[in-house]
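So the structure is just underneath, and the comments pick up after that.
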Amino acid sequence: MKSMELFAQRRTTTPCRVGPIMIGSGHPVVVQSMVTEETRNVPAVVEQVIHLHRAGCEMVRVTTPSLNDAKLCEEIAAKVREQYKYVPLTADVHHQGSDIAVEAAKHVDEVRLNPGLFVFKRHGTRKSTDIRGREGDEVEALRAEMAYGEDEWAEEVQAVEDSIRPVLEMCQKFDRAMRIGVNHGSLSERMLVTYGDTPEGMVQSALEYLRICEKFNYRNLNISLKASRVPVMVAANRLMVQRMDEVGMRYPLHLGVTEAGDGDYARIKSTAGIATLLMEGIGDTIRVSLSEDPVNEIPVCYDILQALGLRKTKVEYIACPSCGRTKFNLPQVLHEVRNATSHLVGLDIAVMGCIVNGPGEMADADYGYVGAAGGKITLYRKREIVKNNVPQENGVAELISLLRTDGVWQEPV
């Protein structure tokens with residue numbers, strides 16, 4: 001049974017087009033990242049965009065905190081094409097960003113808006129930080145005190161509509177996509193007061209923007225609901241799917257655990273959130289957010305997708321843990337096999353220490369390299385023994401010979 005049959009069917013969505021990239025049902029999960037260079041340093045941004053794309057990043061986001069940054073996107077896009085080729089770009093729009101987003105939409109393939117910051121209106125003299133970090137009766141009392149009246153709510157929704165409408169018009173004019181990117185750490189005061197510091201508040205924030213977009217017949221959209229805590233991120237995305245299903249929306253979802261940090265823990269944390277949802281059929285594009293060179297994010301994204309059977313970008317190695325039954329130095333042999341075959345994208349190769357569990361555990365592999373007694377190894381093609389009693393020192397060469405015979409061997413570039 002293939003891995004895709006073992007978990008939920010991928011959610012049906014209306015694809016979102018970002019330049020030449022399609023995000024959504026029927027299309028591969030898209031890998032994306034973001035440059036860390038300041039936008040005004042155009043040569044450095046261009047270099048980083050090219051470096052990321054060469055590493056496998058399919059969409060690249062550029063920060064545009066000011067109108068001048070948005071204007072520079074024209075030069076960045078042109079120089080990337082001139083020095084390399086076309087790369088889909090997203091402009092990340094920050095506070096009070098209507099004019100910035102309008103300008104960015106002229107030059108990039110996608111504009112990302114954060115509903116919590118796009119219309120940054122304070123509710124009287126009260127601050128949203130009064131809600132965060134409070135618990136129990138105290139937070140409920142504050143929410144009651146700060147509650148929005150019907151007219152006040154309508155006034156702020158109208159402010160959102162007034163601000164986003166020119167952006168939608170520009171996106172429609174130039175055929176641009178939009179990501180409505182909600183962050184748990186930057187919910188608007190109105191959402192915090194009404195729904196609390198919760199996944200529900202994140203979802204309602206996104207839905208409000210989606211309804212406004214649909215009002216003006218703009219639907220080239222995708223949504224992200226990110227949090228630095230995995231349970232919050234997972235709950236928000238699950239709830240977003242539920243709420244969209246209730247009202248007949250089918251927009252694609254961008255998955256990521258924001259501010260994950262660096263090193264092994266950041267990779268594990270990101271994988272925990274992203275892979276959990278992908279296994280439930282939720283998610284159409286992903287970013288692993290690391291506090292490192294962003295090029296380091298790309299292998300993690302592809303490893304997640306390969307582990308789930310969603311994309312095949314390298315050889316899949318199946319290897320047992322070492323134990324007392326292992327008939328050779330398994331880490332060393334695995335290293336030798338990988339060095340010899342890692343360029344053969346699309347194959348599944350098993351390296352197993354003994355014949356007790358080896359043949360069964362490697363049943364789905366295309367080829368197997370299994371330790372036997374007396375310093376010998378056995379080679380398998382799927383479940384079939386092809387060669388046995390092969391001296392260990394000749395094992396890798398014999399595996400390559402088998403791959404040649406089967407017509408799947410290619411010389412490394």
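The values are calculated or read from the model by the stated rules, or taken from the named source; none is laboratory data. Remember, predicted model here, so these are calculated numbers, not experimental data. Here the Cβ positions follow ideal geometry from the backbone for every residue, glycine too, while neighbour counts run over all protein chains shown. Remember, those area values only see protein heavy atoms, side chains included, never the ligands or the DNA or RNA. Shrake-Rupley method; radii C 1.70, N 1.55, O 1.52, S 1.80 Å.
Okay, here's what the table says:
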| read-out | value |
| --- | --- |
| Which numbered condition Ala266 fails, given (1) crowded, with 16+ Cβ neighbours inside 10 Å; (2) small (Gly, Ala, Ser); (3) without any contact (Cβ under 8 Å) to a residue 24 or more places away in the chain | (3) |
| Residue match in region 104-112 (condition: crowded, with 20+ Cβ neighbours inside 10 Å, modelled with pLDDT of 95 or more, more than 26 Å from the chain's Cα centre (by Cα) and of a type in the set (Asp, Glu)) | no |
| Asp92 being surrounded by fewer than 17 Cβ atoms within 10 Å (Cβ to Cβ) and touching a Pro at 6+ places or on another chain (Cβ under 9 Å) | no |
| Neighbours by Cβ (under 7 Å, 6+ apart or cross-chain): first from region 277-288, in contact (Cβ under 8 Å) with a residue 12 or more places away in the chain and farther than 14 Å from Leu225 by Cα; second surrounded by fewer than 24 Cβ atoms within 10 Å (Cβ to Cβ) and among the basic types (Lys, Arg) | Gly281/Arg10; Gly281/Arg11 |
| Condition check for Val288: within 30 Å of Val18 (Cα to Cα), at pLDDT 95 or above and assigned to a helix (DSSP H, G or I) | no |
| Residues of region 358-383 satisfying the condition of being open to solvent by less than 10 Å² (accessible area, probe 1.4 Å) and among the hydroxyl-bearing types (Ser, Thr, Tyr) | Tyr369 |
| Condition met for Val49 (open to solvent by less than 70 Å² (accessible area, probe 1.4 Å) and without any contact (Cβ under 8 Å) to a residue 40 or more places away in the chain) | no |
| Subset of region 3-46 [of a type outside the set (D, E, K, R), open to solvent by 40 Å² or more (accessible area, probe 1.4 Å) and over 25 Å from Ile223 (Cα atoms)] | Ser3, Leu6, Asn41, Pro43 |
| Positions within region 52-76 being hydrophobic (A, V, I, L, M, F, W, C) and either open to solvent by 10 Å² or more (accessible area, probe 1.4 Å) or over 23 Å from Val102 (Cβ atoms) (or both), in sequence order | Leu52, Ala55, Cys57, Leu67, Leu72 |
| Selected residue (only one of Val167, Val182, Val139 is in a helix (DSSP H, G or I) and touching a strand residue (DSSP E or B) at 6+ places or on another chain (Cβ under 7 Å)) | Val167 |
| Top-ranked residue of region 384-413 - restricted to ones that are charged (D, E, K, R) and assigned to a loop (DSSP other than H, G, I, E, B), ranked as most open to solvent (accessible area, probe 1.4 Å) | Glu411 |
| Any hit, region 68-83, residues being in a helix (DSSP H, G or I) and modelled with pLDDT under 95 | no |
| Verdict on Asp293 being over 30 Å from Ala350 (Cβ atoms), touching a strand residue (DSSP E or B) at 6+ places or on another chain (Cβ under 9 Å) and touching a residue at least 40 places away in the same chain (Cβ under 8 Å) | no |
| Considering residues of region 245-275 that are part of a strand (DSSP E or B) and of a type outside the set (Val, Ile, Thr) only, the residue farthest from Met22 (Cα to Cα) | Leu255 |
| For Ser188: the one exception among (1) within 21 Å of the chain's Cα centre (by Cα); (2) buried (at least 17 other Cβ atoms within 10 Å of the Cβ); (3) modelled with pLDDT under 95 | (1) |
| Given (1) open to solvent by less than 30 Å² (accessible area, probe 1.4 Å); (2) in contact with a Ser or Thr (Cβ under 6 Å, 6 or more places away or on another chain); (3) free of Cβ contacts under 8 Å to residues at least 60 places away in the same chain, number of the condition Met202 does not satisfy | (2) |
| For Gly56: the one exception among (1) outside any loop (DSSP other than H, G, I, E, B); (2) under 25 Å from the mean Cα position of the chain (by Cα) | (1) |
| Some residue of region 272-280 being at pLDDT below 95 and either over 29 Å from Pro412 (Cα atoms) or open to solvent by 60 Å² or more (accessible area, probe 1.4 Å) (or both) | no |
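Yes or no, residue by residue, for (1) closer than 23 Å to Met240 by Cβ; (2) under 16 Å from the mean Cα position of the chain (by Cα):
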| position | (1), (2) |
| --- | --- |
| Ala8 | yes, no |
| Val35 | no, yes |
| Val42 | no, no |
| Val60 | no, yes |
